[in-house]
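The values are calculated or read from the model by the stated rules, or taken from the named source; none is laboratory data. Keep in mind the model is a prediction, meaning the values are calculated, not measured. Cβ placement follows ideal geometry from the backbone for every residue including glycine, while neighbour counts extend to all protein chains displayed. These accessible areas exclude ligands, DNA and RNA; they are computed on the full protein's heavy atoms, side chains included. Shrake-Rupley method; radii C 1.70, N 1.55, O 1.52, S 1.80 Å.
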Amino acid sequence: MAGGKRARAKRKRVGLVLGAGGTLGAAWTIGGLAAVEERIGRPLAEVDVIVGTSAGSIVAAALRHGFIPAELVAHQLGDRPTRIGDRRYVDGGVRSAASLDLLHDQGLDEVFVLAPMASRHTDRPVRPSWRAERAVRQAFAAQLAGERCKVERAGTPVTVVMPGPADLTAIGLNLMDGRRREQVLRTAQVTVAAALRRAGPVAA
């Protein structure tokens, strides 16, 4: 009994602090987690306190929810499916920009889609990096068109709205640029409404 008490008394209370650093900072942190776990000598989910800041808070939450370092590394290296209990999960964007086709068997009367990562009609930028981004958008639009056909073949009409030239000017190249948030929102308030008007009235 006394020996058990001494063992519990010797167990260190361990804290883990995961700092900010954006996308690359999170990758760097995740790369070091296994070494920290080995040094601590117990699973990181079992440390007494975890403090995470910004990107670090996301990593901290993942650890508290039972993700082990190897699973987080696998995610960083290509969004491989992650097992939670008896199910496997992956970021939906790896599969589709909108996942419209999931509605094909739902017996809906109509579907409206806002697809911010796809664009059918784009501007004509000069810079190669911007042209490449527009090409990716058009590829997403082509994928979405296939998904739309699948839903419509099942008898459900689909209205899709994607960013056009004015939206793309507001969005810029970096979808993570929070400084453009208000400009993008205000532009969409105009362009999405106009696109829906062009699509015509909802069928009775």
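Computed values, structure above
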| read-out | value |
| --- | --- |
| Matching residues in the stretch 41-70 - criterion: being open to solvent by 40 Å² or more (accessible area, probe 1.4 Å), of a type in the set (G, A, S) and farther than 11 Å from V14 by Cβ | A45, S54, S57, A61, G66, A70 |
| Residue in the stretch 175-184 that is assigned to a loop (DSSP other than H, G, I, E, B) and open to solvent by 60 Å² or more (accessible area, probe 1.4 Å) present | yes |
| In the stretch 127-150, the residues that are within 20 Å of L175 (Cα to Cα), of a type in the set (D, E, K, R) and in a helix (DSSP H, G or I) | R131, E133, R134, R137 |
| Condition met for G25 (part of a helix (DSSP H, G or I), small (G, A, S), over 30 Å from G178 (Cα atoms) and modelled with pLDDT under 85) | no |
| Selection from the stretch 154-174 of residues that are of a type in the set (S, T, Y) and surrounded by fewer than 18 Cβ atoms within 10 Å (Cβ to Cβ) | T159, T169 |
| Of all residues in the stretch 98-125 being of a type in the set (A, V, I, L, M) and more than 19 Å from the chain's Cα centre (by Cα), the one that is nearest to A199 (Cα to Cα) | V111 |
| Within the stretch 151-174, considering residues that are under 30 Å from Q106 (Cβ atoms) and assigned to a helix (DSSP H, G or I), the one farthest from the chain's Cα centre (by Cα) | R153 |
| Verdict on E133 being among the acidic types (D, E) and open to solvent by less than 90 Å² (accessible area, probe 1.4 Å) | yes |
| Residue check for V202: out of contact with any Ser or Thr (no Cβ under 6 Å at 6 or more places or on another chain), surrounded by 13 or more Cβ atoms within 10 Å (Cβ to Cβ) and at pLDDT below 85 | no |
| Verdict on A115 being within 18 Å of D167 (Cα to Cα) and either touching a residue at least 12 places away in the same chain (Cβ under 8 Å) or open to solvent by less than 40 Å² (accessible area, probe 1.4 Å) (or both) | yes |
| Residue in the stretch 34-43 that is more than 25 Å from R87 (Cα to Cα), touching a Pro at 6+ places or on another chain (Cβ under 7 Å) and either part of a helix (DSSP H, G or I) or aromatic (F, W, Y) (or both) present | yes |
| Out of R127, R42, R134, sole residue that is farther than 30 Å from M162 by Cβ, charged (D, E, K, R) and either out of contact with any Gly (no Cβ under 7 Å at 6 or more places or on another chain) or modelled with pLDDT of 85 or more (or both) | R42 |
